[in-house]
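K.L.:
Can you keep this structure in mind? I'll have questions shortly.
The values are calculated or read from the model by the stated rules, or taken from the named source; none is laboratory data. Quick caveat: nothing in here was measured; it's all calculated off a predicted structure. Backbone-built Cβ (ideal geometry, glycine too); neighbour counts: all protein chains shown. Quick note on the areas: whole protein, heavy atoms, side chains included, nothing else; ligands and nucleic acids left out. Shrake-Rupley method; radii C 1.70, N 1.55, O 1.52, S 1.80 Å.
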Amino acid sequence: MAETVAERIARTLAERIVRGELAPGTPLRQDRIAAEFEASHVPAREAFQLLRAQGLAVNEPRRGMRVAPLDGKAAQEVVEIRANLEVLAVSHAIPWLNATSFERMEQALQAGDRAGTIEEWELANRAFHREIVAPCRMPRLLAMLDGLQLANSRIIFAATRTAGWRPGTSHAHRQILDALRQRDAGRAATLLQSHIHGLEQGKSGDFPSSPPSASWIGSGR
């Protein structure tokens, strides 16, 4: 299905928010966005609603639409919800995994290993997590996970701006892939939960070779 104008606007703005180009609290002006994308106010307004649904924008009384805050409490919520929903998706995906599925996961792993920048690594990380749930045949769940993954990516970029980032390999991803190859749903779920919760704790499970930092996102935890 072709991408709508609203979806294109939302996707572009989401990437800017995720990468920190639009800081928390930045006003999102409907007229400016519409002009930039050469669109009417209707798709711009629809794009804002999509961003709200993804947790990337908020509509504040008397202040209007703004980039959502990023604090410890919000990060903890994203991690907790994502951990549970991704495990659910993986449990439904396992019976449908095939050689093509594993090849795509392996390609994402290798792309992460080759990454020379956090931007390259984050795209590979996002691809790996997308591939492990893709066969679950639950489109609404996948749509929810897409939004959570964007919020997760925003946390990653915020963390690495503070703690730094160095190229490395993702041992956690490799363990998860091995469990999936063995069709070991229990082990895959345990590894995935630990891996995602490692993000909240500032561990290297979601940041290959990143220095641990439990306080990178403020005091709201």
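K.L.:
Points 7 angstrom from Cα along the Cβ direction at Asn84 and Arg8: gap in nanometres?
P.N.:
For the pair Asn84/Arg8, the computed spacing is 3.8 nm.
K.L.:
In deg cm²/dmol, rounded to 500, what helix-only [θ] at 222 nm does the chain give when every DSSP H run of at least 4 residues adds -39500 (n - 2.57) and the total is split over its residues?
P.N.:
Numbers: 9 runs with 140 residues, N = 221.
Estimated from H runs of four or more residues: -21000 deg cm²/dmol.
K.L.:
Using only Cα atoms, what Kirkwood radius does the chain have, in angstroms? Show your work: numbers first, answer last.
P.N.:
Details: mean 1/r = 0.0552 Å⁻¹.
18.1 Å is the Kirkwood radius here.
K.L.:
With a 1.4 Å probe and all protein chains left in place, how much accessible area per residue does the chain have, in Å²?
P.N.:
Numbers: 11060 Å² over 221 residues.
Result: 50 Å² per residue.
K.L.:
Per residue of segment 49-54, in order, report the coupling 6.51 cos²θ - 1.76 cosθ + 1.60 (Karplus, θ = phi - 60°) as ³J(HN,Hα) in whole Hz, putting x for Gly and Pro.
P.N.:
5, 5, 5, 4, 5, 8
K.L.:
Can you tell me the orientation of helix 99-114 relative to the chain, as the angle in degrees between its alpha-carbon axis and the longest Cα principal axis, to the nearest 10?
P.N.:
70
K.L.:
Just to confirm the number: angle between the C-alpha axis of helix 185-200 and the first principal axis of the chain, 0 to 90 degrees, nearest 10?
P.N.:
40
K.L.:
So, one more: Looking at segment 56-125, which trypsin sites (Lys or Arg not before Pro) are in a loop (DSSP not H, G, I, E or B) and have at most 12 other Cβ atoms within 10 Å? Don't jump to the answer; show the numbers that get you there.
P.N.:
Working: sites: Arg62, Arg63, Arg66, Lys73, Arg82, Arg104, Arg114; in loops: Arg62, Arg63.
Qualifying residues, ordered by number: Arg62, Arg63.
K.L.:
Give me the percent of accessible area attributable to carbon and sulfur for segment 26-153, probe 1.4 angstrom.
P.N.:
Taking all protein chains in place, segment 26-153 shows 52 percent carbon and sulfur surface.
K.L.:
Let me ask something else. Which of Gln149, Val18, Ala44 sits closest to the plus end of the dipole of segment 1-159, meaning its Cα is farthest towards the positive end, when Lys and Arg get +1 and Asp and Glu get -1 on the C-beta?
P.N.:
Highest projection toward the positive end goes to Ala44.
K.L.:
Under the rule of at least 5 residues apart or a separate chain, name every residue whose amide H is placed under 5 Å from the amide H of Leu22.
P.N.:
Under 5 Å from the amide H of Leu22 lie the amide H atoms of Ile17, each far enough along the sequence or on another chain.
K.L.:
Would you mind computing Rg(Cα) / (2.2 N^0.38 Å) for segment 52-152, counting N as its residues? Mind dumping the intermediate values first?
P.N.:
On the way: Rg = 15.7 Å, N = 101, 2.2 N^0.38 = 12.7 Å.
Dividing the Cα Rg of segment 52-152 by 2.2 N^0.38 Å gives 1.24.
K.L.:
Restricting things to alpha carbons, tell me how big segment 85-130 is in terms of Rg and Dmax, in Å.
P.N.:
For segment 85-130, the Cα radius of gyration and maximum Cα-Cα distance read 11.8, 35 Å.
K.L.:
Please list 3J(HN,Hα) in residue order for segment 138-154, calculated via the Karplus relation 6.51 cos²θ - 1.76 cosθ + 1.60 where θ = phi - 60°; whole Hz, with x for glycine and proline.
P.N.:
Computed from phi, the couplings for segment 138-154 are 10, x, 5, 5, 5, 5, 5, 5, 4, x, 5, 5, 4, 4, 4, 5, 4 Hz.
K.L.:
On average over all directions, what projected area in square nanometres does segment 1-122 have, based on the convex hull of its Cα atoms? Display every interim value, and only then the final one.
P.N.:
On the way: hull surface 40.8 nm².
The number I arrive at for segment 1-122 is 10.2 nm².
K.L.:
Moving on to the next point. With loop defined by DSSP as not H, G, I, E or B, and exposure as at most 14 other Cβ atoms within 10 Å, which is the longest segment of the chain clear of exposed GluC sites (Glu not before Pro)?
P.N.:
Details: sites that count: Glu3, Glu21, Glu38.
Counting at most 14 other Cβ atoms within 10 Å as exposed, the longest clean stretch of the chain is 39-221.
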